[in-house]
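Asks: Pasting a structure below so you can have a look.
The values are calculated or read from the model by the stated rules, or taken from the named source; none is laboratory data. From a predicted model like this one, the values you see are computed outputs, not experimental measurements. For neighbour counting, all protein chains shown are included, and Cβ atoms are generated from backbone atoms with ideal geometry for every residue, glycine included. The protein model used for the area step is the full one, side chains on, heavy atoms only, and it has no ligands, DNA or RNA in it. Shrake-Rupley method; radii C 1.70, N 1.55, O 1.52, S 1.80 Å.
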Amino acid sequence: MAHIVHSMTLAGIEGMPVSVEVDLPRRLPATIIVGLPGSAIRESTHRVRSAISASGKSYPKRRVVVNLAPANLPKVGTSFDLPIAVGILFADGQVAGEKIPNTIFMGELSLDGKLRPIDGAIALAIAASEFGAKRIVLPAECASEAAVIEDIEVLSAENLIDVINWLDGDGELPTATLQTNSTPSSKLDLSEVRGQHRARRALEIAAAGGHNLLMIGSPGCGKTMLAARMPTILPMLTPEEAIEITRIHSVAGILPHGRGLTESRPFRSPHHSISAAGLIGNAHLKPGEVSLAHNGVLFLDELAEFNRRAIEVLRGPLEHREVHLTRAQGTARYPASFSLVAAANPCPCGYSGHPTHPCMCTPAKVDRYRQRLSGPLVDRIDLQVWVQPIGANDLVQEQSGEASSNVRLRVNKAREYQRTRFQETDTVCNAELQGDAIREAADPTPEALDLLRRTLDTHGLSGRAWARLLKVARTISDLDKGGPVQAEHILEASAYRLEMAS
Ligand SMILES: Nc1ncnc2c1ncn2[C@@H]1O[C@H](COP(=O)(O)OP(=O)(O)OP(=O)(O)O)[C@@H](O)[C@H]1O
Ligand SMILES: [Mg+2]
């Protein structure tokens, strides 16, 4: 007769229930695991055998058949060690079975019976509670991230012996407690950036309306510095956003184990040698940089150096704010709603247009380089700003720039206008507006419309450029008083749009 222990497996950030069925037929000793186990699960035999012995129990001296049901669902990861070990002991009559039907077990075992953390603990706990489970046993090191899920009891275990004693009623497993986990990026502040008023303003508009931003400027003018401070002016994380981020980072295995909910917005800055798969998601269905940057910032430094194909794949997530991966291993869906901030030098040597430093590039070289900064992706960047070299006065001045907390107040206010405006729709911020909704939301005054018409005529802007301009103007107005878009808002927005052409 098969004995059943409940567990879960991951498909992207979604968890699926899996029954671990264990049978011990009277045949020659061997352990067989069936039901599409991944290679890490096939290896679990060795870990489970040693862990059971190290916990003072004996591994059955007969055939051990483990079936992971449903058999057609691919299972990955090392989290099945614990349910397999519990199932074997249960089937062999070495532990009491009363608590087993109402509990979900997950955890990797080491040879000495210790429980190691698993990837995606919070995602698995969310899924477990959605499937109506009441209790989940997790390795202590990752249990605190799952503790945020309120309608499920999360028990944390240090090793297999703790679990055995708990099953036998010889001891209690502690309930996991919620912890938060802030990254060093939260210590950065915009006040450290001297001067650069235009770039700071562009950063604020980008944060307020969810727009993408491209900064062009010579080396050392503060582009990277500004971009790294973008998360500090974005609105505070809501509890739902914090759970979403933690869920993705946990599945990716980049959450510091032993710590809980992520408190700060992610800032991802992949190297320019990154591949398309690294940005979008790889063959093992792990999330790519666009998903790791979800609810935060994806910073592409040295944009011109990125592989063209890698850059082109960003168009999908920028438009749809999520990624669907279809690979040999299965399919996965990851959210990918991020603020794109990109930076580049104006030419290969970096000093084209610099007031004092001579540029060493030939005009042809500069042209070729600038061509790499055009194309469908850059066309989708709402705000393009030329960051000037920082003046000596600004650099030596005692007075620091405006603090992130102040700027964030204005950003919050602008977001509030947007929340009220979009309350009946799925739209979150101005950058997401499409089609007729842009004109409707902008509600431009006759003077603003007239200026818009003249700007389009003079510069021959494309339909998309027109839409982008109006969206940025909408955000500038939201940073003002949130009323109809005025001519002055169009004027400022068009300056960000046309900077590259000048
Ligand atoms: N506006 C500024 N205010 C204060 N410090 C600055 C400013 N700009 C640059 N710095 C100083 O110079 C360092 C380099 O700046 P940063 O890396 O942001 O330049 P960059 O524009 O990204 O250059 P590159 O084009 O070479 O990447 C910063 O770490 C900071 O110490
Ligand atoms: Mg830089």
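Asks: Which value, in Å², gives the accessible area per residue of the chain when a 1.4 Å probe is used on the protein heavy atoms?
Replies: Accessible area per residue, the chain: 44 Å².
Asks: Normalising by the residue count of the chain, find the relative contact order in percent from Cα pairs under 8 Å and 6+ residues apart.
Replies: Once normalised by length, the contact order is 13 percent.
Asks: How big is the dipole moment of the chain about its Cα centre under a simple scheme where the beta carbon of each Lys and Arg is +1, that of each Asp and Glu is -1, and everything else is neutral? Debye, nearest 20, please.
Replies: It comes to approximately 1360 debye.
Asks: From the phi angles alone, apply the Karplus equation (6.51, -1.76, 1.60; θ = phi - 60°) to region 361-367 and give each ³J(HN,Hα) in whole Hz, x where the residue is Gly or Pro.
Replies: In residue order, the calculated couplings are 8, 6, x, 5, 5, 5, 4 Hz.
Asks: Hey, what do the phi angles of region 381-386 turn into as Karplus ³J(HN,Hα) couplings, whole Hz, using 6.51/-1.76/1.60 and θ = phi - 60°, x for Gly and Pro?
Replies: Karplus-based 3J(HN,Hα) across region 381-386 equals 8, 5, 10, 10, 10, 8 Hz.
Asks: In the neighborhood of Thr425, defined by Cβ-to-Cβ distances under 12 Å, what is the net charge if each Lys or Arg adds +1 and each Asp or Glu adds -1?
Replies: Residues close to Thr425 contribute a combined charge of -2.
Asks: Amide H neighbours of Gly120 under 5 Å, at least 5 residues apart or on other chains, H built in the peptide plane: list them.
Replies: Close amide H contacts, sequence-distant or interchain: Val251, Gly253.
Asks: Sticking with this structure for a sec: Please compute the modelled spin-label separation between Asp168 and Arg309, points set 7 Å along Cα→Cβ, answer in nm with one decimal.
Replies: Between Arg309 and Asp168, the label points sit 5.8 nm apart.
Asks: Say R0 is 41 Å: what FRET efficiency, to the nearest 0.05, do Glu488 and His272 get from their beta-carbon distance?
Replies: That gives a FRET efficiency of 0.65.
Asks: Calculate one ³J(HN,Hα) per residue across region 31-41 by plugging θ = phi - 60° into the Karplus curve 6.51 cos²θ - 1.76 cosθ + 1.60, and present them in order as whole Hz with x for glycine and proline.
Replies: 10, 10, 10, 10, x, 6, x, x, 4, 5, 6
Asks: Subtract the Cα-Cα distance of Gln179 and His459 from 0.36 nm times their separation in residues, and report this length gain in nm to one decimal.
Replies: Gain on stretching Gln179 to His459: 95.4 nm.
Asks: Also, I was wondering about something else. Which angle from 0 to 90°, rounded to the nearest 10, does the C-alpha axis of helix 446-459 make with the longest principal axis of the chain?
Replies: Orientation of helix 446-459: about 90 degrees from the principal axis.
Asks: Using a 1.4 angstrom probe on the protein heavy atoms only, could you order Arg439, Arg309 from most to least accessible area?
Replies: Arg309, Arg439
Asks: Sticking with this one: Percent of accessible area on region 433-502 owned by carbon and sulfur, 1.4 Å probe?
Replies: 50 percent
Asks: Can you list residues from other chains, or at least 5 along the same chain, whose modelled amide H is less than 5 Å from the amide H of Met8?
Replies: Val18
Asks: Something else: What distance in nm separates the simple spin-label points at Glu319 and Glu447, each placed 7 Å from Cα in the Cβ direction?
Replies: That separation, rounded to one decimal, is 3.8 nm.
Asks: Okay, helix-only estimate at 222 nm for the chain: each DSSP H run of n ≥ 4 adds -39500 (n - 2.57), divide by all residues, round to 500 deg cm²/dmol; what do you get?
Replies: Theoretical 222 nm ellipticity from helices: -11000 deg cm²/dmol.
Asks: So how far apart, in nm, are the two label points at Met1 and Ala437 if each is 7 Å from Cα heading toward Cβ?
Replies: Those two pseudo-labels are separated by 5.7 nm.
Asks: Rounded to the nearest 5, what is the percent of antiparallel bridges among the DSSP beta bridges in the chain?
Replies: Taking every DSSP beta bridge within the chain, about 45 percent pair in antiparallel fashion.
Asks: Grab the Cα-Cα distance for Ala364 and Gln423, subtract it from 0.36 nm times how many residues apart they are, and report the gain in nm with one decimal.
Replies: Contour length minus Cα-Cα distance gives 16.2 nm.
Asks: Order the following by accessible area, largest value first: His284, His211, His6, His354. Probe radius 1.4 Å; ligands, DNA and RNA are ignored.
Replies: His284, His6, His354, His211
Asks: Enter the accessible area of Thr427 (Å², nearest 10), with the probe set to 1.4 Å and all protein chains included.
Replies: Only protein atoms counted, so the area is about 40 Å².
Asks: Among the listed pairs Lys413/Lys471; Lys223/Lys413; Lys187/Lys413; Lys114/Lys134, which are separated by more than 21 Å between their Cα atoms?
Replies: Lys223/Lys413; Lys187/Lys413; Lys114/Lys134
Asks: Next up: For the peptides 244-251, 163-170, 418-425, 220-227, what is the packing order when you average, over each peptide's residues, the other Cβ atoms within 10 Å and list the highest mean first?
Replies: 244-251, 220-227, 163-170, 418-425
Asks: Go ahead and collect, in residue order, the members of region 216-251 whose backbone nitrogen is under 20 Å from a label point 7 Å along the Cα-Cβ direction of Asn393.
Replies: 221-222
Asks: Tell me the angle of helix 81-91 to the major Cα principal axis of the chain, expressed in degrees between 0 and 90 and rounded to the nearest ten.
Replies: 20 degrees
Asks: Rounded to the nearest 0.05, what FRET efficiency is calculated for Glu43 and Asn102 with R0 set to 41 Å and r the Cβ-Cβ distance?
Replies: Calculated value: 0.90.
Asks: Using amide H atoms built in the peptide plane, which far-off residues or other-chain residues are under 5 Å from Lys75 H to H?
Replies: Residues meeting the criterion, in which the H sits 1.01 Å from N, are Gly38.
Asks: Here is a further query. Find how much the distance from Glu192 to His284 grows on full extension, using 0.36 nm per residue of separation minus their present alpha carbon separation; answer in nm with one decimal.
Replies: Here the segment from Glu192 to His284 would lengthen by 29.1 nm.
Asks: Using a probe of 1.4 angstrom, how much of the accessible area of region 184-427 is carbon and sulfur, in percent?
Replies: Carbon and sulfur: 51 percent of the exposed surface of region 184-427.
Asks: Can you give the angle from 0 to 90° between the axis of helix 404-421 and the longest principal axis of the chain, with both taken from C-alpha atoms, to the nearest 10?
Replies: Taking Cα atoms only, the helix is inclined about 90 degrees.
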